Amino acid sequence: FITGTASLTTRTINGSLPDPKMFLDAQYPNTLTVNRELILEALRRGKIVLPSSIGLKLHLSESGVRMEAADRDLGRTEEDLDAEYTGADLSITFNVDYLMAGIEVVETEYVRIAMKDSRSPAAVWAADNEDYSYFIMPIRA
């Protein structure tokens, strides 16, 4: 479909999508709770040095949370976040645009990102309720 200067391309995907209940019923033993504005500001800063196809890495441990973004041509940034994390030490990489999209629509002061491991979908919720659920697949880095 083409109109003026815009074009829209669609593609039918053969196969089946995963059952969303699988994500809702999943157990998430690793949980990051952080101020929504704080993490969005950090993600925006990290996005400066990331081409769109490169992921932003979160290093999570009970002793701290570190965000890392790097590109050979644009540079590198590391930032420690004031956040609460419970669970096993974990490094997980996300597409920064997709992660920001899920966090931006949360309307509470704090957001919770719950993870099983670095390969499984993560869930984004408001810290005090699960009325809104956003699931994001990590990038294998």
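Key figures
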item: Label-point separation in nm, HIS59 to ALA88, each point 7 Å along Cα→Cβ; result: 1.9
item: Options ILE48, VAL124, VAL65, ranked by Cα towards positive dipole end of the chain, top entry (Cβ charges); result: ILE48
item: Fraction of accessible area attributable to carbon and sulfur, the range 1-117 (%, probe 1.4 Å); result: 50
item: Accessible area (Å², per residue) of the chain, counting only protein heavy atoms and a probe of 1.4 Å; result: 64
item: Length added when fully stretched, LYS116-VAL49, from 0.36 nm per residue minus Cα-Cα; result: 21.3 nm
item: Loop sites in the range 46-141: trypsin sites (Lys or Arg not before Pro), DSSP, at most 13 other Cβ within 10 Å; result: ARG72, ARG119, ARG140
item: MRE, 222 nm, helices only [DSSP H, n ≥ 4, -39500 (n - 2.57), over the chain, to nearest 500]; result: -5000 deg cm²/dmol
item: Among LEU8, ILE92, ILE103 the positive-end extreme of the charge dipole of the chain (Cβ point charges); result: LEU8
item: SER16/ARG140 FRET efficiency (R0 22 Å; Cβ-Cβ; nearest 0.05); result: 0.50
item: Net charge dipole size for the chain [Lys, Arg +1 and Asp, Glu -1 on Cβ; Debye, nearest 20]; result: 740
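The values are calculated or read from the model by the stated rules, or taken from the named source; none is laboratory data. The model shown is predicted, which means the values in this text are computed figures rather than measured ones. Cβ sites come from the backbone with ideal geometry, for glycine too, and all protein chains shown count toward neighbours. The accessibility values were calculated without ligands, DNA or RNA, using every heavy atom of the protein model including side chains. Shrake-Rupley method; radii C 1.70, N 1.55, O 1.52, S 1.80 Å.
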